[in-house]
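Okay, so here's the structure we're looking at.
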Amino acid sequence: MIENKKLFIDAGINYIFDLESYPIELVESQVDKELDEVLELNNPQILQDRCNYFSIGSEDDYLNSVIDTPQGPVIAGIRHLGGDKRFPFVYVWPSFCIEHIEDISDEIISNFKIFEPKYISFWVRPDKNKFKGEVYQQRFIGNIAEMNKNNTHLSKCPNYYDWYTSEYEKFHKQHPEKKHRIPVNDKELMDKCLRENLLFLYSSDNDEKLGLIAGEYDTFLGKSAVYLNELLVSYSQRGKGYSANLLSGFVNLLDVELFLCHIDSTNIPSTKAAIRSGQRVFSQEIFIRTS
C-alpha cells in the first residue's frame, strides 16, 4: 500500500486517461484498478520471480516505489521490453502532468542504476501530451454500439498457430528492429482466445488465409468488454484494406459494450483501421531516452 494513493488516482483521471465521456465514479474505479495492477508487481513472489529471471540485483530493486522529484512524487519501477534484460527501462506513474522530463529524470534513474536503464516510460492523455514525437504505443477504446460492423465471413480454426507464427517470422525477418516492439503472442494466450470463441481466421474464397483476429473477454469501467490481442493480415496481402474488414467483421460478432486495444505507434495500418472503426485514443505511452 502506498501513501496518498488518491493523489495518483486523481493524476490518472486528469493526466493519464482521457475517459471524460464516462461517469466519473466508473472512471475513478477503473483508474484505481489500473494502479493496483502496477502495485501488484510488489507481491513478494513476483519480486522473487523477476529477480531470479533477470539475475540482476536483489528483490527490493524490482519494487515499484514512490520517488520524490522537483515536480512532485511519482511511482516508478524497472521494466524490460519484451522481457529482455538487454532492454531495461523505468516505468513511471506521476502525480502530475509531465511536461519537462529532464527536470525529474535524474532523481528517478538514480534509483535503478544497477539495471542501467536508458529510457523512461509513462502514459499520458493525448490532450496533455507534450511529447508527440515520442509516442511508443496507444490505447484505444470504442463503444460497440457505435463502431462500424460488416458481415465479413470469419471462421474458427483450431490449427492456426503454425501459420500465425510463420507470418510473424516473415515480418520480423523483414523488420528485425520490431521483434521486441511487436512480438508474436504465445500459444497459451492465443489458445485462451480460441477457448473463449474469440479467435477467427479470415480466408479467401479458395481458402487462402488472409488474416487472423483474436481477443479475450474483459471488464472495463465496470462494463463488459473485449480486449483485442491480435489483428494480423498475411504478409503477402497487406495494403489491400483487409485490416478494416477483419476488424468490422469481428466487432459484428461481439455481444459486449466496449472494445479495447493497444496499438504500436509504428503500426499505421492498424491505427487507421482502429480510427475508421469508431475507436479513439484515450492514452499514449511515451518513451524518452535519458542518456
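Tabulated data
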read-out	value
Within segment 1-100, helices (runs of 4 or more DSSP H) holding 3 or more residues that are in contact with a Ser or Thr (Cβ under 7 Å, 6 or more places away or on another chain), in contact (Cβ under 8 Å) with a residue 12 or more places away in the chain and within 17 Å of Glu285 (Cβ to Cβ)	none
Given (1) modelled with pLDDT of 90 or more; (2) assigned by TED's automatic domain parsing to the domain that holds Val251; (3) under 30 Å from Leu221 (Cβ atoms), number of the condition Arg181 does not satisfy	(1)
Segment 187-198: number of residues that are within 16 Å of Leu253 (Cβ to Cβ), touching a strand residue (DSSP E or B) at 6+ places or on another chain (Cβ under 7 Å) and either buried (at least 16 other Cβ atoms within 10 Å of the Cβ) or small (Gly, Ala, Ser) (or both)	2
Only one of Ser105, Ser95 that is touching a Leu at 6+ places or on another chain (Cβ under 9 Å) and not hydrophobic (A, V, I, L, M, F, W, C)	Ser95
Any hit, segment 190-209, residues being in contact (Cβ under 8 Å) with a residue 40 or more places away in the chain and either in a helix (DSSP H, G or I) or within 25 Å of Lys132 (Cα to Cα) (or both)	yes
Breaking point among (1) more than 21 Å from Tyr235 (Cβ to Cβ); (2) at pLDDT below 90; (3) not small (Gly, Ala, Ser), for Phe140	(2)
Condition met for Leu212 (more than 14 Å from the chain's Cα centre (by Cα) and in a helix (DSSP H, G or I))	no
Leading residue by the ranking (surrounded by the most Cβ atoms within 10 Å (Cβ to Cβ)) among those in segment 231-255 that are in contact (Cβ under 8 Å) with a residue 40 or more places away in the chain and not aliphatic (A, V, I, L, M)	Phe250
Search result, residues across segment 199-230 that are among the aliphatic types (A, V, I, L, M) and buried (at least 23 other Cβ atoms within 10 Å of the Cβ)	Leu199, Leu212, Ile213, Ala214, Val226, Leu228
Residues of segment 250-268 classified as modelled with pLDDT of 95 or more and more than 11 Å from the chain's Cα centre (by Cα), total	10
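Results for (1) modelled with pLDDT of 95 or more; (2) more than 25 Å from Ser95 (Cα to Cα), shown as yes or no for each residue.
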{"position": "Asp49", "(1), (2)": "yes, yes"}
{"position": "Ile56", "(1), (2)": "yes, yes"}
{"position": "Ser65", "(1), (2)": "yes, no"}
{"position": "Ile75", "(1), (2)": "yes, no"}
{"position": "Leu81", "(1), (2)": "no, no"}
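The values are calculated or read from the model by the stated rules, or taken from the named source; none is laboratory data. These numbers come from a predicted model, not from an experiment. Neighbour counts run over all protein chains shown; Cβ positions are idealised from the backbone, glycine included.
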